[in-house]
Amino acid sequence: MKTTFVHENDKFSYYVKEAFKTLRTNFLFSGSDIKTVLITSCVKNEGKSTVSLELSKSLSLSEKKVLLIDADLRKSVLSTKYTDNEGEVLGLSEYLSAQATIEDVLYSTQLENLDIIFAGAVPPNPVELLGSSKFGELIKEMREKYDYIIVDAAPLGAVIDASVISTFCDGAAIVISSNEIGYRFAKEVKQQLEKGGCKILGAILNRVPTKSSSYYSRYYRKYYGKYTRSSGYGKYINTYGDVVDEYSQPKKKK
């Protein structure tokens, strides 16, 4: 097994860490039959990869053996943005196309209980690879070795990949950007997942406008007013597990 180093964000505050613990707890209470979890979104740039990685890390720190599979074969950022890998990295696409073995694509990390399979090179036929029996066999084999498998999939509102993957998963969570994704669009994505027989575990609301004058915002600022910038992401996560835009204080007039 190869080794990679997963970047730690030192600017994550106590509140951010607690938020992921809350999200982790919600998954743990989803039931003992939920072992393989799909994370997707409606469109790109909604934070699904950040959530997938941080959830995987949080679960691993709770003494759970976790495998994170980067199944976004079209536009992955996991191997380049969040780890110390340099050069070409063999991954899921090479394994599914029989160009590499599981030993070639399985990476351990500095976290004792967290392993990763990266996406690999962009293939010409991602849907066919992800819907193949070889992918199903991989999930089945890994279920015997890990407590949880987190699968980061491409946005379902753009391509069908996540729906194909969902047939191999026990549950799914959808990352949704507040005030950017319409209700009907989100509902269509949810229904598409359900067609594959995948249980919807819930949604992670992203980019919540906390500076609005709503009751929720006033309550939030009163009790949880502190925030921490997430280096490179420009977002933070509140105590309810929502990944939101960094809070901008109104500028004072000179």
Exercise. Output the residues belonging to region 75-98 that are under 16 Å from residue 135 (Cα atoms) and charged (D, E, K, R).
Key: 94
Practice problem: With the checklist (1) in a strand (DSSP E or B); (2) without any contact (Cβ under 8 Å) to a residue 24 or more places away in the chain in hand, flag the one item residue 70 doesn't pass. | Solution: (2)
Quiz item: Which condition number does residue 54 fail, the rest of (1) assigned to a helix (DSSP H, G or I); (2) more than 17 Å from residue 7 (Cα to Cα); (3) of a type in the set (D, E, K, R); (4) at pLDDT below 95 being met?
Solution: (2)
Quiz prompt | helices (runs of 4 or more DSSP H) (entirely within region 122-171) containing at least 2 residues that are of a type outside the set (Asp, Glu), surrounded by 15 or more Cβ atoms within 10 Å (Cβ to Cβ) and in contact with a helix residue (DSSP H, G or I) (Cβ under 6 Å, 6 or more places away or on another chain) | solution = 126-130, 161-166
Quiz item: residue 52 fails exactly one of the following numbered conditions: (1) within 8 Å of the chain's Cα centre (by Cα); (2) surrounded by fewer than 17 Cβ atoms within 10 Å (Cβ to Cβ). What is the number of that condition?
Solution: (2)
Practice problem: Could you tell me whether region 83-97 includes any residue that is farther than 16 Å from residue 146 by Cα, surrounded by fewer than 18 Cβ atoms within 10 Å (Cβ to Cβ) and modelled with pLDDT of 95 or more? | Solution: yes
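Looking at region 30-62, which of its residues are of a type in the set (Val, Ile, Thr) and more than 18 Å from residue 205 (Cβ to Cβ)?
Our first condition is that a residue be of a type in the set (Val, Ile, Thr); within region 30-62, this holds for 34, 36-37, 39-40, 43, 50-51.
Selection gives 34, 36.
So, in region 32-48, of the ones that are of a type in the set (Ser, Thr, Tyr) and buried (at least 22 other Cβ atoms within 10 Å of the Cβ), which residue ends up farthest from residue 156 (Cα to Cα)? Walk me through it before giving the result.
From region 32-48, those of a type in the set (Ser, Thr, Tyr) are 32, 36, 40-41; that's our starting set.
From the residues that got through so far, the ones that are buried (at least 22 other Cβ atoms within 10 Å of the Cβ) too are 36, 40-41.
Details: 36: 18, 40: 7, 41: 6 Å.
So, considering only residues that are of a type in the set (Ser, Thr, Tyr) and buried (at least 22 other Cβ atoms within 10 Å of the Cβ), the one farthest from residue 156 (Cα to Cα) is 36.
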Practice problem: Report, ordered by the first and then the second residue, all pairs with beta carbons closer than 8 Å, sequence separation of six or more or different chains, a first member in region 1-17 that is of a type in the set (D, E, K, R), and a second member that is at pLDDT below 85. | Solution: 10/231; 11/228; 11/229; 11/230; 11/231
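Across region 28-50, which residue is nearest to residue 65 (Cα to Cα) among those that are outside any loop (DSSP other than H, G, I, E, B) and hydroxyl-bearing (Ser, Thr, Tyr)?
Looking at residues that are outside any loop (DSSP other than H, G, I, E, B) and hydroxyl-bearing (Ser, Thr, Tyr), I get 36.
The values are calculated or read from the model by the stated rules, or taken from the named source; none is laboratory data. The model shown is predicted, which means the values in this text are computed figures rather than measured ones. All Cβ positions, glycine included, derive from the backbone under ideal geometry; neighbour counts span all protein chains shown.
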